[in-house]
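Visitor: Please find one structure pasted underneath; my questions will follow.
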Amino acid sequence: MHKSNFYDDDVVEIAFVGRSNAGKSSLLNNLSHNSSLAKTSKTPGRTRMINYFLINNSFRFVDLPGYGFHQAGKVMEENWANLMEDYLTMSKNLSLVILLLDIRHEPSKLDLIMIDFLFSRQIPFIVVATKTDKVAKSKINNYLTSLSKKIKIPVGNIFPHSIMETKSREKILNYIENFLTKDN
């Protein structure tokens, strides 16, 4: 994909990246308060292109294909990787990346590569630990501490999220709002 295929306007973009089935569509729907904004599926690898969603006529959420979906085939997975890299390095509107990691699983090699990529390119990003409703509440802090050590990001910089809990949604939205207004 060439950068001429990306939007060339002044609308700020927040991109969502993560392993297939990490919950990108569910998080997009939850944050936008629109349960049908992004199509959700139990089958990983459904997002196969870049999807743009204009939010409140002021910024865009950008849903990038998930990585690590082996059933798609090596060629398709390479195409998705190239598409994501092109977007992350060439989009002039990209302001923030939200990296989703399923709290129940160890970060994959591809998750760690993505974190290194974002750090090396100095692309601002936050980590959202998804699916916290799938683990015991009493163990969430243990999972976050373990995740923090593995990805070398302070636990306070990881946002736990459950689509069942409005408090986690509000924390992410507050961060986004503060991030978007800090330059204005």
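The values are calculated or read from the model by the stated rules, or taken from the named source; none is laboratory data. None of the values given here were measured: they were computed from a predicted structure. Neighbour counts are summed over all protein chains in view; Cβ atoms, including those assigned to glycine, are modelled from backbone coordinates with ideal geometry.
Visitor: From Phe159, Phe125, Phe179, grab the single residue that is surrounded by 12 or more Cβ atoms within 10 Å (Cβ to Cβ), under 20 Å from Ile14 (Cα atoms) and at pLDDT below 95.
Guide: Unique residue meeting the criteria: Phe179.
Visitor: Can you tell me which residue within segment 162-176, out of those that are surrounded by 12 or more Cβ atoms within 10 Å (Cβ to Cβ) and of a type in the set (Val, Ile, Thr), is farthest from His105 (Cα to Cα)?
Guide: Residue satisfying both the conditions and the ranking: Ile176.
Visitor: While we're here: For the condition of a type in the set (Gly, Ala, Ser) and under 21 Å from Glu170 (Cα atoms), what is the one hit in Ser146, Ser95?
Guide: One residue alone meets the criteria, Ser95.
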